[in-house]
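Okay, structure first, notes after.
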Amino acid sequence: MYFDPIYFVLMVPGIVVTLWAQNKVKGTYRRYSQVPSTMGMTGAQVAQTILNKMGVQGVKIEPVAGELTDHYDPGAKAVRLSQAIYNSTSLAAAAVAAHECGHVLQDVDNYKFMNLRASLVPAVNLGSRLGPMLIFAGLIFQLFGLAWIGVFFFAAVLLFHVVTLPVEFDASRRALRLIDEYGILQGEENKGARAVLQAAAFTYVATAFYALLNLLYYVFLLLGRR
C-alpha cells in the first residue's frame, strides 16, 4: 500500500475542516429550525415581504426538493427555497430566506463579485474535470508541461471559491440588516438568525480552504516528481 506523506499533510486537515464545517451548519440549522419566530412568517412569506418592501418585481419564489438546497437563480429570476424553509416559520427559515433575497439585491445592484463568480462558472466546470485528468496524465507519461496546464485549469476552481466568499458574506450582511429593519424577527431572535448564517459561512471558508490545499497538493506532487 502506497503512503503519500504530502497528501496526509495537506489534504487530511482540509477534509477534517470541511467535515467540521458541514456538521456545524447542520447542527445549527437543526437547532434553530425547531425555534418558531414570533411573527410566524414562513420562509416564503419572509422572502416575499423583503422583495415587496425593497420594490423588487419579477422575481419568483419557488419550492425546491432537498435539504439546504436553497439558492437564487439569477437567470430564471427565481428564489428557490427547500420545502423545509419554504413552509417553515422557524428562525432558520427566516434567516435562509432573507439570505437568498440578499442575492437578489446583489443582482439588482449589479454586485461585481456576483458577476465575477457567474463568469467563472464555465471555467470551473471545465477545470474541476479536466484539471486533475491533465495533471495525472502528465505525471504518468512524464509530460510535465501538460500537467502544469492541468494545474492552471484547476486554479480556476480555487478562484471561484475565493470569489464566492465576499458574495456569501455580503448576502448574509444584507439579510441580517433586512430582517431587523423590517421587524421580521424580534429581539434575541436575530441572534439565532446570525448563528445560522455564520455557520453556513464556515462551509464556504472550508470549501475554499480545501480547494487551496488541493491545488497545493498538485503543485508539490509535480515539483516532487520533477
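Points to keep in mind about this one:
- Solvent-accessible area assigned to carbon and sulfur over the chain amounts to 63 percent, based on a 1.4 Å probe.
- Rough spin-label spacing in nm, given labels placed 7 Å along Cα→Cβ, for Gln198 and Asn87: 3.2
- Efficiency of FRET between Glu188 and Val121 - r from beta-carbon atoms, R0 22 angstrom, step 0.05: 0.05
- Pair-distance distribution of segment 18-115: all C-alpha pairs, bin width 10 Å, starting at 0; shares per bin in whole percent are 17, 46, 30, 7.
- Fully extending the segment from Met133 to Val64 would add 21.5 nm, taking 0.36 nm per residue of separation and subtracting the current Cα-Cα distance.
- Relative protection proxy for 176-182, 120-126, 193-199, from highest mean packing down: 193-199, 176-182, 120-126 (other beta-carbon atoms within 10 angstrom).
- Within straight-line reach of Lys24, meaning a Cα separation under 23 Å, sit the following lysines at least 8 residues removed in sequence or on another chain: Lys191.
- Mean projected area of the convex hull spanned by the Cα atoms of segment 77-146, taken over all viewing directions: 7.4 nm².
- In the chain, the alpha-carbon atoms span a convex hull of 127 Å³ per residue.
- Calculated FRET value between Leu212 and Phe8, using beta carbons and R₀ = 22 Å, to 0.05: 0.85
- Average projection area in nm² (convex hull over Cα atoms of segment 139-226, one quarter of hull surface): 6.5
The values are calculated or read from the model by the stated rules, or taken from the named source; none is laboratory data. What you are looking at is a predicted structure, and each value in this text was computed from that prediction instead of being measured. Counting neighbours? That spans all protein chains shown, and the Cβs are built from the backbone with ideal geometry, glycine included. Protein only, heavy atoms only, side chains kept; ligands, DNA and RNA dropped before computing areas. Shrake-Rupley method; radii C 1.70, N 1.55, O 1.52, S 1.80 Å.
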